[in-house]
Amino acid sequence: MEPAKELLDNGTSLYVTDDNPEEILEIFDGNTSNFEDADVYLGTYIQSYGDDYMITPVVADIIDLEDVEIEPTVLNENLDMHDMYNDIQNDISDLEFLGSISDEQKIKLQTSTAIGSSFKDASLFTYFYKKGIAGGTGITYKYSSSNGLTDWSKLGSIKILGYAIKVKTVGTKTYDNVYSIVTASGLNNKYVKYYTYNMEVTSGNTDILDETFLTGDSNSTVTTSIGTGISSDGKSTITTTTSYSYNPKGQTINNQFGERYIKTWKSTPNSSIENESWKIHPSILVVNSSGTTTNTTVKLYVSSFRVSGGARIYTINNEAAVTLSFKNHS
């Protein structure tokens, strides 16, 4: 795999249609996109990013397996690599969000740079497809990363970017901030009615210590914060917080924090604008009591997504998901 790494380091992107994604993750130091929940694994898009590699899963999630014949080779033939490249570059541009964190705050986060040993990321871009024409009455829907599918129409898309920044290690405990940017878009003259986003810790010995409360109902810059400092004795006492800003563009955001291992944000745009995109910027602070020896794993997913074209509404309740997993950022 050294020749492949040399190509990547020289600026060449690779799309690997291998049946063993876990082996690819291991070769590239476990960059931790996990796509076990997908119905069909198509391949892995790999590119260099700073001193590391960005790994993006390409998957297809099928709502009704009984009515659809699945052939990964055919789906891969429909992939538009140019569009995929552009989608990934949009993910990377979102990472500029880290630039809003000042050098002083980065010191508090105990990382001198945004990219490096204290940084891990995962991303997913998937389309919301409907069987038949976009304005038709069918009710068979699915997610797919393919840019175009025969006899299916795009109604919208979901993009998820997640990244983790190391906060602290005390004994066997590790503390990490997990930031995410979620984008929901309407397509084919559809507009977003709502989307429900979740950040869930799925690893053992892991708890969520803090989460961002997102403010909406405004088309202007608002500010939120997340805990980024922990007491020296490692007793999960939050000592400092870091603030960051975003523009909800007029979304009603319902913050649902009642569950221990999962935090949920349901966003409802206050305007019905065809083909418009909407973003939220949630984050959590997690502690893994055995984090120096076991992975911390956080599942990032949209659990429901509704778009409309006026008289008709289209709702997909299958998950658009990606998993971010790391062990003491090593």
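In nanometres, what is the gap between the two model label sites at Glu276 and Ser245, each 7 Å from Cα along Cα-to-Cβ?
2.2 nm
Would you kindly compute the Cα radius of gyration of the range 215-330 and its largest Cα-Cα separation (Dmax), both in Å?
Just the Cα atoms of the range 215-330 yield Rg and Dmax of 17.5, 58 Å.
Once amide H atoms are built 1.01 Å from N in the peptide plane, which residues 5 or more positions from Thr252, or in another chain, come under 5 Å H to H?
Asp217, Thr268, Asn270
For a 26 Å ceiling on Cα separation, which of these pairs sit above it: Lys235/Lys263; Lys159/Lys235; Lys130/Lys159?
Details: Lys235/Lys263 22 Å; Lys159/Lys235 35 Å; Lys130/Lys159 18 Å.
The answer is Lys159/Lys235.
Where a number appears in this text, it was derived from the coordinates with a stated rule and is not lab data. Predicted model, so just to flag it, every value in this text is computed and none were measured. Reconstructed Cβ throughout: ideal geometry from the backbone, glycine too, with neighbour counts over all protein chains shown.
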